[in-house]
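Engineer: I have a structure here, written as structure tokens, and I will follow up with some questions on it.
The values are calculated or read from the model by the stated rules, or taken from the named source; none is laboratory data. The model shown is predicted, which means the values in this text are computed figures rather than measured ones. Neighbour counts are summed over all protein chains in view; Cβ atoms, including those assigned to glycine, are modelled from backbone coordinates with ideal geometry.
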């Protein structure tokens with residue numbers, strides 16, 4: 001992800017802030033400048049969660065805490081753009097707020113703990129890669145099977161605030177902050193659609209569910225899925241077509257029932 005030119009003037013301030021020792025008195029005014037300068041980013045992200053019933057002012061406060069954490073933890077020497085690190089960090093802080101407020105279904109402790117580990121891995125890999133990581137990259141960092149990472153990602157759906165938009169980044173890393181946080185309507189449509197699909201995905205066989213998750217929420221090609229699942233690309237294509245037809249029929253029947 002490339003930096004938004006609107007915030008380019010803050011890059012040297014961020015570098016100066018990161019270079020100072022934690023107890024240096026010069027850090028506080030620099031951090032104030034950074035928080036004020038990057039605040040519109042936190043506000044944009046907060047608005048994406050505004051349909052969840054929480055006051056927007058409260059969400060902005062939570063997002064600002066995430067922004068401060070991102071400013072404090074970002075290390076320019078590791079490379080990567082600040083936005084690639086800050087966006088998932090801020091979004092994660094807001095999601096944790098909703099998690100603490102409303103855990104909407106019983107989830108095994110193992111999956112809750114894995115979800116926390118995945119959030120940490122996403123932050124680390126986002127800075128290292130300059131984009132949101134794929135499930136397979138998260139699995140490699142955590143030394144876990146991809147299937148377990150996918151289970152952890154599915155467990156995140158138990159949060160009313162769940163959104164995997166951060167996992168759907170462009171391959172060339174050309175997305176700007178505006179493209180990530182500026183099109184709230186499209187993002188909310190994807191969340192609503194995923195909420196409709198969630199109970200249907202739970203009914204699928206494990207392999208079919210894995211293929212759908214990798215294809216549409218892991219942004220993988222059929223060839224990549226075939227390699228990970230251990231079947232031919234033709235078999236993946238056939239299973240995907242059959243599964244999507246069943247999901248489409250179920251969604252249509254549910255709509256007619258309303």
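Engineer: Please indicate, with yes or no, whether at least one residue in region 46-53 is under 18 Å from residue 132 (Cβ atoms) and either surrounded by 13 or more Cβ atoms within 10 Å (Cβ to Cβ) or in contact with a strand residue (DSSP E or B) (Cβ under 8 Å, 6 or more places away or on another chain) (or both).
Structural biologist: yes
Engineer: Failed condition for residue 216, given (1) out of contact with any helix residue (DSSP H, G or I) (no Cβ under 7 Å at 6 or more places or on another chain); (2) at pLDDT below 50, with all others met?
Structural biologist: The number of the failed condition is (2).
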